Amino acid sequence: MLKLYYLNLSSNNFSLGIPRQIGKLVQVNELDLSHNMLSGEIPTQFQSLQSLSTLNLSYNNLSGSITIFNELRGLVQVDIAHNELEGPVPDVPAFQNASIQALEGNKGLCGNVSGLKPCKLSKNGHHKLLYAIMLPLLGAAILSTAILALFFGFKKQGKDVDEESESTMINENLFAIASFDGRMLYAEVISATNNFDSQCCIGEGGYGNVYRAELSSGDIIAVKKVHPQRAGEVRAAKEFQNEVMAFIDIRHRNIVKFYGFYWSDEQSFLVYKYLEKGSLATILSNEEAGKELDWDKRVNIIKGVAHALSYLHHDCSPPIVHRDLTSNNVLLDLEFEAHISDFGMAKLLKPDSSNWTNLAGTYGYVAPELAYTMKVTEKCDVYSFGVLIMEIIMGAHPGDLISTLPSSSLEKQLLVKDVLDQRPLPPSPDVHDQLMSVMKIAFMCLAQNPHSRPTMYAVSVLLAN
């Protein structure tokens, strides 16, 4: 159809790359491929679309440079938001006059457009300007590093009489970051848990124990206390720091509410809102609780986790990757609403960094590419979310079933019928169709190639429909 003037293929499930044959549509004026799962680079054949005036590629998984659009001088309106595009924004009116909403959600775009960071100066650029900018930033970075080193130092630097007062100052500064009165919260927690008496303990783990406590205000809180023998470990301090830094700016109904923290060489803990139903893992492992968790509740839990991950990946700057999404780290309130917790492994993705890391996470939920690339991306969380969907629908971790996922539609229908948790009442026909759609999303999230997995924003939109 070489004489097409208008083409709209938006809001489907199209995947893989944009076909190179797109360049043959030389008369197309408006092109909309948004809200799909298209991946890979934008083909150079786009340069042939000289009649194109309106283009929408938003909400896909497209990557690479967009310099090819420098050739499309006829472009009037563009939207490339929420992809993985990078590099300078083309010097054409459609891009230079675009709103930040049409460009946001891409990791590496730069240019002289309101809301975007400027592109790096060339080596032969204005050295004086560069030094004027970089020296203060470098000084600030060194100062910040020094402050954090003091905050999370785990070995005493001396034995002089000022050591205790220095420690007190550090703890008060930490609480100042989170807008809490450190000494007041500390005293309340110690009193409410009877100095962390075992009778108040509601959970145990390798990192620390969790205690339930009621404050004088009547609020019920959960306190995660670091094991004393781990308080001096570098890794424990790093996990503690990660959790604090991730929670300071997070505000979402499906992420556990953070109240405050306390850090010292002798005793360290984090304070959260208490969620009455406990972890999803505990409920799924209990026969009676599994019956109570009907299919409507399970679908709602899946949606809640998807919305939270979409927020972390697309609405936080820099994006946050949880890295340890499991049924143990999904907590439920009295209404069975899901809340993601435990950000000790979380990583803030930095646009100018390769984001390499040590292998972290829970066996059975870790994305396969981490074993050989060791590079953290949002797609690691997407894979873990796929495992979580299967676990919620099956009532138990899918195990080796993930490696034998079906390919045809008929096989998928048979699989859904065979793997449904038998404890709740059978789903109605409408809910069964909904579960089929949810399972299809799980299969997409579990793709071996991370570039073939959808973004969590796309998943969130699909689940909302």
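The values are calculated or read from the model by the stated rules, or taken from the named source; none is laboratory data. The model shown is predicted, which means the values in this text are computed figures rather than measured ones. Because the Cβ atoms are built from the backbone with ideal geometry, glycine has one as well, and the counts that use them run over all protein chains shown. Ligands, DNA and RNA are stripped out before the accessible areas are found, and what is left, the full protein with its side chains, is counted by its heavy atoms. Shrake-Rupley method; radii C 1.70, N 1.55, O 1.52, S 1.80 Å.
How do His314, His307 stack up against each other in accessible area, from largest to smallest, with a 1.4 angstrom probe? Please report the intermediate quantities before stating the final value.
On the way: His314 45, His307 65 Å².
Ranking His314, His307 by accessible area, largest first, yields His307, His314.
Can you give me the distance in nm between label points at Leu16 and Thr54, each placed 7 Å from the Cα along the Cα-to-Cβ direction?
2.9 nm
Could you tell me the calculated FRET efficiency between Ser99 and Asn465, based on Cβ-Cβ distance and R0 = 30 angstrom, to the nearest 0.05?
Details: r = 26 Å, r/R0 = 0.86.
So the FRET efficiency works out to roughly 0.70.
Taking the mean number of other Cβ atoms within 10 Å as a proxy for protection, how do you rank 295-303, 335-343 from highest to lowest? Can you show the working numbers first?
On the way: 295-303: 19.7, 335-343: 21.4.
Packing order, densest peptide first, comes out as 335-343, 295-303.
Using modelled backbone amide H atoms (1.01 Å from N, in-plane), which distant-in-sequence or interchain residues come within less than 5 Å of Leu38's amide H?
Asn61
Given a 1.4 Å probe and heavy atoms of the protein chains only, how would you sort Thr44, Thr67, Thr326, largest accessible area at the top?
Result, largest first: Thr44, Thr67, Thr326.
Here are some pairs, Lys225/Lys257; Lys24/Lys107; Lys257/Lys291; Lys277/Lys297; Lys273/Lys303; Lys257/Lys440; which of them have Cα atoms lying more than 24 Å apart in this structure? Before the final figure, lay out the partial values.
Details: Lys225/Lys257 17 Å; Lys24/Lys107 30 Å; Lys257/Lys291 28 Å; Lys277/Lys297 13 Å; Lys273/Lys303 21 Å; Lys257/Lys440 31 Å.
Violating the 24 Å limit, Cα to Cα: Lys24/Lys107; Lys257/Lys291; Lys257/Lys440.
Report the net charge of residues surrounding Leu55, where surrounding means a beta-carbon distance below 14 angstrom and charges are Lys +1, Arg +1, Asp -1, Glu -1. Show your work: numbers first, answer last.
Details: positive: Arg73; negative: Glu30, Asp32, Glu71, Asp79.
Taking every Cβ under 14 Å from that of Leu55, the sum is -3.
Mind checking the full-extension length gain between Met1 and Asn194? Use 0.36 nm per residue of separation minus the Cα-Cα distance, one decimal, nm. Write out the running numbers ahead of the final one.
Working: separation 193, 0.36 × 193 = 69.48 nm, distance 7.56 nm.
Full-extension gain reported as 61.9 nm.
With a 1.4 Å probe and all protein chains kept in place, how do Val438, Val210, Val76 rank by accessible area, largest first? Walk me through the numbers before you get to the answer.
Values: Val438 5, Val210 45, Val76 110 Å².
Largest accessible area first, the residues go Val76, Val210, Val438.
Tell me which residues come under 5 Å, amide H to amide H, from Gly260 once H is placed; ignore anything under 5 positions away on its chain.
When sequence neighbours closer than 5 places are left aside, the close amide H contacts are Val271.
Which far-off residues, 5 or more places away or on another chain, put their amide H under 5 Å from the one on Leu4, with H placed in the peptide plane?
none
Give me the one-decimal nm value for the distance between modelled label points at Thr67 and Glu204, 7 Å along each residue's Cα-to-Cβ direction.
Inter-label distance under the simple model: 6.0 nm.
Length gain on complete extension for the stretch Glu335 to Lys238, per 0.36 nm per residue less the alpha carbon to alpha carbon distance? Can you show the working numbers first?
On the way: separation 97, 0.36 × 97 = 34.92 nm, distance 3.36 nm.
Fully extending the segment from Glu335 to Lys238 adds 31.6 nm.
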